[in-house]
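> Here it is: the structure, laid out below.
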Amino acid sequence: MTFALASLAGDVMVWVVWVVAALALLGSGFAVVLFSNALYSALSLIVNLASLAILYLLLSAEFVTAAQVLVYAGAVMVMFLFVIGYIGTDARTPWAHGPRIGGVAATVAGLAILGEVIAAVALETNGSLSTAAEITRSFGSPAEIGRLFLSDHLLVFEVTSIILLIGAVGGVILGSGIRRDREEARARAAEREAA
C-alpha cells in the first residue's frame, strides 16, 4: 500500500514538473518573439532552452539534457548576449521600413507546425503510429551519439560549426559598423557644439 502511494505521488510529481516546464517553454517562446528589446528576448530564450532541457530529462535523455544546457543555454547564448552587448539594444534594424517578411514567415511556419500536429493526431487515431520503434540499449549513449556525429552526420556537424563561426564574425562586423556610425555622429555633434 505504501509503495503504491509513493509510486502515485511520484507520477503526480512528474506530471506537475512536465506541465510547469511545458508552460514555461510556451510562455518563454512567445516572449522571445514578442519582446521588442533584444536583450529581453535573449533572456527569454535562455528560459526556453532550460525548460526544454527539463523535458529532455523527463524523457530520460540525460546526455541530450547536458548538451542542451552546456551548448545551447550556455555557449550559444553567451555568444548571443555578446553580440547584443556589442551592437547594443537600440541598434537600427536593417530593412526596418520594408516589407514584414518575418511576420509572413512566422505565419507560414506556424501553419506548417499546426498541419504536422493535425497529421500526427490523425495518424495516431487511425492506428498508423501504433508500432513502437525498437530501441537498443546503446540508444542515446555518448558513444553512440559521438559515432553518429563523426561518421553518418559529419558533414552536417561541420556545416553547423561553420554557420556558428559565420554568425560570430557577422556580429562583430555589424557591431563595428554601428560603433563607427555612433562615433561619427558624436564627432559631428561635437563639431556643431564647437561652432
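Coordinate-derived values only; no laboratory data. The structure presented is a predicted model; accordingly, all values stated were derived computationally and were not measured. Please note: Cβ atoms are built from the backbone with ideal geometry, for glycine as well, and neighbour counts cover all protein chains shown.
> Could you tally the net charge around Ala190, taking each other residue with its Cβ under 13 Å from the Cβ of Ala190, Lys/Arg +1 and Asp/Glu -1?
The answer is 0.
> What is the extension gain from Glu124 to Asp181, computed as 0.36 nm multiplied by their sequence separation minus the C-alpha to C-alpha distance, in nm to one decimal?
Here the segment from Glu124 to Asp181 would lengthen by 14.9 nm.
> Against the globular-protein guess of 2.2 N^0.38 Å, express the Cα radius of gyration of segment 1-90 as a ratio, rounded to two decimals.
1.37
> Moving on. Could you calculate the FRET efficiency of Leu165 with Ala189 from 1/(1 + (r/R0)^6), where r is the beta carbon distance between them and R0 is 45 Å, rounded to 0.05?
0.80
> On to the next question. Set the Förster radius R0 to 22 Å, insert the Cβ-Cβ distance between Ala105 and Met79 as r into 1/(1 + (r/R0)^6), and round the FRET efficiency to 0.05.
Here the calculated transfer efficiency is 0.45.
> With label points built 7 Å along Cα→Cβ from the Cα atoms of Leu174 and Asp152, find their separation and express it in nm.
Inter-label distance under the simple model: 3.5 nm.
> Just the Kirkwood number for segment 138-195, please: inverse of mean 1/r across all distinct Cα pairs, in Å, one decimal.
15.2
> If we count every other residue with Cβ under 14 angstrom of Ser151's Cβ, Lys/Arg +1 and Asp/Glu -1, where does the sum land?
-2
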